[in-house]
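All of the numbers you see were taken from the coordinates with simple rules; none came from a lab. Model, not experiment: these values are computed from the prediction. Cβ atoms come from the backbone with ideal geometry, glycine included; neighbour counts cover every protein chain shown.
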Amino acid sequence: MPRTYSEKFLLEMHQADPYRAGVQLAKACVKANLPAKYVAEALGVTRMTVYSWFRGKPIRDKNQQVVEVFTEIVEGDMMRGILPANNLQQAKKYIEDMIGKPLKQ
């Protein structure tokens with residue numbers, strides 16, 4: 001079962017450069033209640049990579065646009081009231097619907 005975001009991580013996120021795409025992704029995921037594990041699977045990277053981006057580390061060019069689009073979709077769905085997810089099951093279903101396939105367990 002995915003863990004929630006720690007207080008330490010949340011503090012670090014708010015101190016990171018807000019103009020970095022990964023930090024914007026982090027803020028959107030936290031606000032939308034989407035666990036890093038599900039986000040990583042949707043983006044085709046490891047959870048460790050997602051946390052690295054969340055902390056402001058560089059994103060490779062091949063992933064940059066995908067991250068930006070994913071963030072825009074999540075932010076748009078928050079404005080439309082589709083997100084935040086109320087629980088892990090709802091977060092998982094949201095990601096599965098987004099990518100069009102079931103997530104691994």
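Laid out as a table, the results:
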{"item": "Total residues in the range 53-105, condition in contact with a Lys or Arg (Cβ under 7 Å, 6 or more places away or on another chain) and either buried (at least 17 other Cβ atoms within 10 Å of the Cβ) or not in a helix (DSSP H, G or I) (or both)", "result": "3"}
{"item": "The range 1-32, subset polar (S, T, N, Q) and in a loop (DSSP other than H, G, I, E, B), residue surrounded by the fewest Cβ atoms within 10 Å (Cβ to Cβ)", "result": "S6"}
{"item": "The range 70-85 residues that are closer than 16 Å to P35 by Cβ, paired with ones that are in a helix (DSSP H, G or I) and of a type outside the set (G, A, S) (beta carbon under 6 Å, 6 or more apart)", "result": "T71/Q24; T71/L25; L83/D77; A85/Y94"}
{"item": "I82 vs. criteria within 23 Å of P102 (Cβ to Cβ) and β-branched (V, I, T)", "result": "yes"}
{"item": "Of residues in the range 33-52 being polar (S, T, N, Q) and not in a helix (DSSP H, G or I), the one surrounded by the most Cβ atoms within 10 Å (Cβ to Cβ)", "result": "N33"}
{"item": "Cβ pairs under 6 Å, 6+ apart, first in the range 41-59 and within 11 Å of G22 (Cβ to Cβ), second β-branched (V, I, T) and buried (at least 19 other Cβ atoms within 10 Å of the Cβ)", "result": "V50/V39; W53/I59; G56/V23; I59/V67"}
